[in-house]
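Each remark here refers to the structure printed beneath this line.
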Amino acid sequence: MRATIRLQALTFDLDDTLWDNHQVMVETETGHYAWLDEALEGWQRNRGQAPAQRFAERFPLEAFLDQRRELAAAYPLRRGDFTWLREQALQRLLVAYGLDGDTARSWAGAAMDRFMLLRHRVTPHPEVESLLTTLGQHYRLASITNGNVDIHRLPLGRHFPVAIAAGELFAPKPDARPFLAALARLGTSPAQTLHVGDSWREDVEPARRLGMQVAWISPHIDDMPLPAGIHRLNHVRELPELLRTLGACRA
Ligand SMILES: [Mg+2]
């Protein structure tokens, strides 16, 4: 007879687990860069300094990406701190464009404010609000993300008393530390906790290695047999059914 697993807590990845992230990232990436280009050009014109070449012409988005890659290689400890990498990369490009250090810092900061505004325009799957409301009555809940969404800027944030921003810990998943931080703050053990995430490398492997159960959100149908403790779901909406199957739902 299978022993009943007494789960006490659930940890959730955010991007591509609670919402589809691709489109919002595309819009955020292009949107904040276009905003910077436009606003900077207007500022230059107002000062009677119409540029011969606009910022985004001189440094198209690919140059910005290259700059972030260079910085991540030069500062490996910061490789997962995407917010820092982005702001530093913008500053460097703005200085290379001809702005002085203070002005570049100020424009990079303004562009990052815009980035964060757009970045938080995520649309959680319609089932998520009620799902978390119900689960929160039975389990302690935490979020663990490598991304730069601050869950507490979203209405969903009220469901997560514990929120771990792994990049800012200098230890992005698959590092075990963001999981350990979440478990410590939840006051639970790995065996009593199930992690929910879409990435095999960043969610499934590290959580399982610690001894957590894992719900792997993977809509791609395949017959790959999964190791014990790993449960594939097509969608996060299937989580309550899994918890019932595990004999863990104390509803
Ligand atoms: Mg994810």
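The values are calculated or read from the model by the stated rules, or taken from the named source; none is laboratory data. Keep in mind it's a predicted model, so treat the numbers as computed, not measured. Glycine gets a Cβ as well: all are built from the backbone with ideal geometry, and neighbour counts include every protein chain shown.
Residues in the range 195-245 that are assigned to a loop (DSSP other than H, G, I, E, B), surrounded by 20 or more Cβ atoms within 10 Å (Cβ to Cβ) and either away from the ligand (no atom under 13 Å from the Cβ) or outside the structural domain of residue 162 (by TED's automatic domain parsing) (or both): how many?
Qualifying residue count for the region: 1.
Can we say residue 140 is of a type in the set (Lys, Arg) and either within 22 Å of residue 39 (Cα to Cα) or not assigned by TED's automatic domain parsing to the domain that holds residue 200 (or both)?
Judged against the criteria, residue 140 is not a match.
Report, ordered by the first and then the second residue, all pairs with beta carbons closer than 6 Å, sequence separation of six or more or different chains, a first member in the range 204-227 that is at pLDDT 95 or above, and a second member that is in a loop (DSSP other than H, G, I, E, B) and polar (S, T, N, Q).
From residues that are at pLDDT 95 or above, the pairs are 217/17.
Suppose we filter the range 47-81 for residues that are surrounded by 14 or more Cβ atoms within 10 Å (Cβ to Cβ) and at pLDDT below 95; how many remain?
5
Of all residues in the range 159-189, how many are under 16 Å from residue 216 (Cα atoms) and in a helix (DSSP H, G or I)?
Summing the residues that are under 16 Å from residue 216 (Cα atoms) and in a helix (DSSP H, G or I) in the range 159-189 gives 1.
Does the range 72-85 include one or more residues that are under 30 Å from residue 171 (Cβ atoms) and within 16 Å of the ligand (Cβ to nearest atom)?
Checked against the condition, which is being under 30 Å from residue 171 (Cβ atoms) and within 16 Å of the ligand (Cβ to nearest atom), the range 72-85 yields at least one hit.
Could you run through the range 134-155 and say how many residues are away from the ligand (no atom under 15 Å from the Cβ) and within 16 Å of residue 122 (Cβ to Cβ)?
5
List every residue pair whose Cβ atoms lie under 8 Å apart, where the two residues are 6 or more positions apart in sequence or sit on different chains, the first residue falls within the range 7-24 and is of a type in the set (Gly, Ala, Ser), and the second residue, located anywhere, is more than 10 Å from the ligand (Cβ to nearest atom) and in a helix (DSSP H, G or I).
9/183; 9/186; 9/192
Taking the stated definitions as given, is residue 141 closer than 20 Å to residue 214 by Cα and not in a helix (DSSP H, G or I)?
Taking the combined requirement at face value, the residue satisfies it.
Tally the residues that are away from the ligand (no atom under 16 Å from the Cβ) and assigned to a loop (DSSP other than H, G, I, E, B), restricting the search to the range 2-45.
7
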